[in-house]
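For reference, the structure is listed below as structure tokens.
The values are calculated or read from the model by the stated rules, or taken from the named source; none is laboratory data. Quick caveat: nothing in here was measured; it's all calculated off a predicted structure. Reconstructed Cβ throughout: ideal geometry from the backbone, glycine too, with neighbour counts over all protein chains shown.
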Amino acid sequence: MIKIINIGMNHDSAPVALRECLATDPNNSTKAFDVMRNMECIKEAFFLSTCNRVEALVVTEEEEEAKKKVISMMAGMGNLPEEGLLPNLYILQGMDAVRHMFMVASSLDSMVVGEPQILGQIKEAYAGAIRQKASGVILNRLMHRAFHAAKRVRTETGICESAVSISYAAVELAKKIFHALEGKKVLLIGAGQMAELAARHLLSHGVTSIVVANRTFDRALEVAEIFKARPVYFDEIVSQLLEVDIVITSTAAQDFLFTYEQVKACLRKRKNRPLFFIDIAVPRNVQPEINDLNNVYVYDIDELKGIIQINVEQRKLEAVKAERIIQEEVVKFEKWLKTLAVVPTIVSLKEKAESIIAAELKKSNSTLAVLSHEQKQAVEILARSIAEKLLTDPISFLKGRSARPTLNNYLDVVRRLFNLE
């Protein structure tokens, strides 16, 4: 029997130190698809890896074997012992797995409810599954219904209007530490969407001096022009610590951009002015031990949870509406999934009808020879129309009982009545 299983970890189930173990290799998604596609126990597969979650969604007929293989794969990707990984994983099956994916796509399972980035990440991961030929009939349908559910949540609720981004939360934390941001200097490292959002929020709260660094200087220059900021080479980021008050990092670097020794060396020249790091990257860009230095504060993405409380009551109200929409979509998908059991019998019915029509027309070749081509076509259309009308009732009967526990009995009766074996 076909089973849908979701195995993963997110910002609630696993700390950033564990999540980043599975995010260090940017090619992990491709590798995961390669591995799962070659597992005999897995029929279809989807893999999602972001800074806040790693999930594998699979279709299988060998439930326990598939679970073992996927967990082993994840442990291998992060060079982790399975026994250390298991307590931080969630394992969802059937409609619970479907509901979870719909919730994730609709940003109801995000650290910041309503944030828009996750849907784009899921679409990109699904495109990867298609390219790798890992997805099939069931997951194709599931993902398209997830996108539809996300669109309904976005258009039918106010969940996105009351949401804030991770970068916005980072700026709110800076305000909490410094009380006011006027006159503060900011070093923004990484020129992606999250970094741009941070820059917008900083400017709106009084920051007038922003320095932008990116591994690609042209990109740093492009972002700096947008915000009237100053671009610097990536190699200059450590020297910039002498001037700035706030450092926001959001790069895909695999190693620390700032180490304990580097930051310690610049503190005396800073004359003990406070230095605030907001590390919203996974893997982390800032060595955690830096937080032990005097007048230096380091916050990573998990520590932003405490300040993401803006509009929380409104988000809760909108989330109730959104979850109702999700449940409606889950029910629709479940009904579709159950109809798959009747598809082989329906196909057999139609194939038998077609073979009877073909055989009878062949027998009547001599009789029909006197007819024109148009008349012969009319006879064929008539024969197929009669067959279709005769099959309409049994096909409707089977579809209408696809959700019943006695479905197999009905299928057996129909196959016997029409001699389909």
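Just a few scattered comments:
- Restricting attention to the stretch 199-214, the residues that are in contact with a helix residue (DSSP H, G or I) (Cβ under 8 Å, 6 or more places away or on another chain) and under 16 Å from VAL247 (Cβ atoms) add up to 8.
- Among the candidates LYS350, LYS362, residue that is more than 32 Å from the chain's Cα centre (by Cα), within 30 Å of GLU61 (Cβ to Cβ) and among the charged types (D, E, K, R): LYS350
- Considering the stretch 268-289, and only residues there that are touching a helix residue (DSSP H, G or I) at 6+ places or on another chain (Cβ under 8 Å) and among the basic types (Lys, Arg), the residue that is farthest from ILE301 (Cα to Cα) turns out to be LYS269.
- Residue match in the stretch 26-34 (condition: modelled with pLDDT of 90 or more, over 18 Å from HIS100 (Cα atoms) and in contact with a Phe, Trp or Tyr (Cβ under 7 Å, 6 or more places away or on another chain)): yes
- Test: residue in the stretch 190-203 that is buried (at least 22 other Cβ atoms within 10 Å of the Cβ), closer than 24 Å to ARG273 by Cβ and at pLDDT 90 or above: no
- On inspection, ILE226 does not qualify as within 15 Å of ILE280 (Cα to Cα) and either among the aliphatic types (A, V, I, L, M) or in the same structural domain as ASN295 (by TED's automatic domain parsing) (or both).
Yes or no, residue by residue, for (1) within 30 Å of GLY190 (Cα to Cα); (2) at pLDDT 90 or above:
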{"position": "GLU82", "(1), (2)": "no, yes"}
{"position": "ILE91", "(1), (2)": "no, yes"}
{"position": "ARG99", "(1), (2)": "no, yes"}
{"position": "MET111", "(1), (2)": "yes, no"}
{"position": "GLN117", "(1), (2)": "yes, no"}
{"position": "ARG131", "(1), (2)": "yes, yes"}
{"position": "ALA150", "(1), (2)": "yes, yes"}
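- Residue in the stretch 273-286 that is in a helix (DSSP H, G or I), farther than 28 Å from SER49 by Cα and in contact (Cβ under 8 Å) with a residue 12 or more places away in the chain present: no
- Qualifying positions in the stretch 113-135 - over 18 Å from ILE326 (Cα atoms) and part of a loop (DSSP other than H, G, I, E, B): GLN132, LYS133, ALA134, SER135
- Considering the stretch 110-131, the residues that are more than 17 Å from VAL153 (Cα to Cα) and among the small types (Gly, Ala, Ser) include one that is surrounded by the fewest Cβ atoms within 10 Å (Cβ to Cβ), namely ALA127.
- Residues in the stretch 11-61 that are among the hydroxyl-bearing types (Ser, Thr, Tyr), over 17 Å from ILE71 (Cα atoms) and over 16 Å from the mean Cα position of the chain (by Cα): THR24 alone.
- Conditions (1) among the aliphatic types (A, V, I, L, M); (2) under 15 Å from LEU57 (Cα atoms); (3) in contact (Cβ under 8 Å) with a residue 12 or more places away in the chain: number failed by VAL153: (2)
- Selection within the stretch 206-244 - modelled with pLDDT under 85 and loosely packed, with under 15 Cβ neighbours inside 10 Å: GLY206, THR208, ILE226
- In the stretch 173-217, residue nearest to LEU257 (Cα to Cα) [restricted to those that are free of Cβ contacts under 8 Å to residues at least 24 places away in the same chain and of a type outside the set (S, T, N, Q)]: PHE217
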